[in-house]
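Peer 1: Handing you this structure, nothing more for now.
The values are calculated or read from the model by the stated rules, or taken from the named source; none is laboratory data. The shown structure was predicted, so the numbers you read here are calculated from the model rather than taken from an experiment. Because the Cβ atoms are built from the backbone with ideal geometry, glycine has one as well, and the counts that use them run over all protein chains shown. Surface areas here come from the heavy atoms of the whole protein model, side chains and all, with no ligands, DNA or RNA. Shrake-Rupley method; radii C 1.70, N 1.55, O 1.52, S 1.80 Å.
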Amino acid sequence: MSAWKQSTAAELSPESLAALIRNEIPAIRIENFADAEECAAFTKAVYDSPDLKSYSVATPTHYLGLVMYEYRQDGGRKQEFFDAVPEAVAAQEKLYKQSFDVPQRFRDLIGAHHPGDVLVPSEPDYGDYCPVVVRIASNGVHLHADYAPYNSPDWAIGGIEDQITWNLYTQCPSVGGETTVYNKPWVPAEGEDPARGLPDGSVETDDSIESFTFAPKVGEVVLFNPRNPHKIAAGATEGEGRVSIGSFLGTKGADLWMWS
Ligand SMILES: [Fe+2]
């Protein structure tokens, strides 16, 4: 484990993107990725969507699209996952029609700051991954870590080298909803099921471990390295939503693979 070279988030540049991938900085923030009107339209489309689903975790978290997390547990349901991709992508495309094509704008922007291509990977003999997921996480998300070589070793994405994540926030609670990232790249403990992605919880109380906390703003994209344990605080006011859309990005040679 090595210390971050700065304690604050960086602006997006080719250098900061490379540094984030190497876990040398805590985060990148891209303000005004989308304007207030676009975010309001997107948020409304999410709440109005008939396609919202729930995660099978203790804290109620809704999502729209497809998340690997649900399909990699208990040995994995690969066929089911890839069978569900076209419908998930179609549900997300309906949102873009009511607002704007979020992943396309993101791919164009990030592609201009990365030497290789930004691709949605395919699983040989199964099909394409789902590029993004939309989430309503108003009640927070427990401490966890995401790193495909550990949590999905039998999937194509398990072959990536380094993993970062990005999210656009289209609705944020006025109080609460902060994300905290701890600089201690996850290594699964002996006897733990890595598919669950549960890091050692002592990072939350160990003062020797650097952390970075951000309260997202509407319209901004924040990227961080999700192999670092991270959590989301609940919104302080009941009924205030936290809506985001994003994905993982994994390095594969010069390219970035994008999946959810
Ligand atoms: Fe995560």
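Peer 1: Name the one entry in Phe100, Phe106 that is under 15 Å from the mean Cα position of the chain (by Cα), at pLDDT 95 or above and among the aromatic types (Phe, Trp, Tyr). Full working, then the answer.
Peer 2: Working: Phe100 fails: under 15 Å from the mean Cα position of the chain (by Cα).
Answer to the check: Phe106.
Peer 1: Is at least one residue of the stretch 163-183 farther than 24 Å from Ala27 by Cβ, open to solvent by less than 30 Å² (accessible area, probe 1.4 Å), of a type in the set (A, V, I, L, M, F, W, C) and more than 14 Å from the ligand (Cβ to nearest atom)? Spell out how you get there, then give the answer.
Peer 2: So in the stretch 163-183, the residues farther than 24 Å from Ala27 by Cβ come out as none.
Scanning the stretch 163-183, I find no residue that is farther than 24 Å from Ala27 by Cβ, open to solvent by less than 30 Å² (accessible area, probe 1.4 Å), of a type in the set (A, V, I, L, M, F, W, C) and more than 14 Å from the ligand (Cβ to nearest atom), so the answer is no.
Peer 1: Search the stretch 124-148 for residues that are in contact (Cβ under 8 Å) with a residue 40 or more places away in the chain and acidic (Asp, Glu) and pair each with any residue that is in a loop (DSSP other than H, G, I, E, B) and open to solvent by 20 Å² or more (accessible area, probe 1.4 Å) when their beta-carbon atoms are under 9 Å apart and the residues are at least 6 apart or on different chains.
Peer 2: Taking only residues 6 or more apart or on different chains, the pairs are Asp128/Val120; Asp146/Arg227.
Peer 1: Here is a further query. Which is part of a strand (DSSP E or B), within 15 Å of the ligand (Cβ to nearest atom) and surrounded by fewer than 23 Cβ atoms within 10 Å (Cβ to Cβ), of Phe212, Phe248?
Peer 2: Numbers: Phe248 fails: surrounded by fewer than 23 Cβ atoms within 10 Å (Cβ to Cβ).
None of the other options fit; the residue is Phe212.
Peer 1: Taking Val102 as the residue in question, decide whether it is within 16 Å of Met258 (Cβ to Cβ), touching a residue at least 24 places away in the same chain (Cβ under 8 Å) and surrounded by fewer than 19 Cβ atoms within 10 Å (Cβ to Cβ). Please lay out each step first, then the result.
Peer 2: Working: within 16 Å of Met258 (Cβ to Cβ): yes; touching a residue at least 24 places away in the same chain (Cβ under 8 Å): yes; surrounded by fewer than 19 Cβ atoms within 10 Å (Cβ to Cβ): no.
So Val102 does not fit the description; no.
Peer 1: Does the stretch 223-233 include one or more residues that are open to solvent by 40 Å² or more (accessible area, probe 1.4 Å) and over 16 Å from the mean Cα position of the chain (by Cα)?
Peer 2: No, there is no match, as no residue in the stretch 223-233 is open to solvent by 40 Å² or more (accessible area, probe 1.4 Å) and over 16 Å from the mean Cα position of the chain (by Cα).
Peer 1: Could you say whether any residue in the stretch 1-14 is of a type in the set (S, T, N, Q) and on the phi > 0 side of the Ramachandran plot? It would help to see each step written out before you state the result.
Peer 2: Our first condition is that a residue be of a type in the set (S, T, N, Q); within the stretch 1-14, this holds for 2, 6-8, 13.
This time we only want the ones that are on the phi > 0 side of the Ramachandran plot, so: none.
No.
Peer 1: Only one of Pro153, Pro194 is surrounded by 18 or more Cβ atoms within 10 Å (Cβ to Cβ), at pLDDT below 95 and either within 14 Å of the ligand (Cβ to nearest atom) or within 21 Å of Phe81 (Cβ to Cβ) (or both). Can you tell me which? Before the answer, list the steps.
Peer 2: Numbers: Pro153 fails: surrounded by 18 or more Cβ atoms within 10 Å (Cβ to Cβ).
Answer to the check: Pro194.
Peer 1: I've got another one for you. Of the numbered conditions (1) open to solvent by less than 80 Å² (accessible area, probe 1.4 Å); (2) more than 28 Å from Pro124 (Cα to Cα); (3) not hydroxyl-bearing (Ser, Thr, Tyr), Pro50 satisfies every one except a single condition; which is it?
Peer 2: (1)
Peer 1: I've got another one for you. Checking the structure you have, find out if any residue of the stretch 119-129 is modelled with pLDDT of 95 or more, within 16 Å of the ligand (Cβ to nearest atom) and buried (at least 21 other Cβ atoms within 10 Å of the Cβ).
Peer 2: No, there is no match, as no residue in the stretch 119-129 is modelled with pLDDT of 95 or more, within 16 Å of the ligand (Cβ to nearest atom) and buried (at least 21 other Cβ atoms within 10 Å of the Cβ).
Peer 1: Is at least one residue of the stretch 48-65 in contact with a Phe, Trp or Tyr (Cβ under 7 Å, 6 or more places away or on another chain), polar (S, T, N, Q) and touching a residue at least 40 places away in the same chain (Cβ under 8 Å)?
Peer 2: yes
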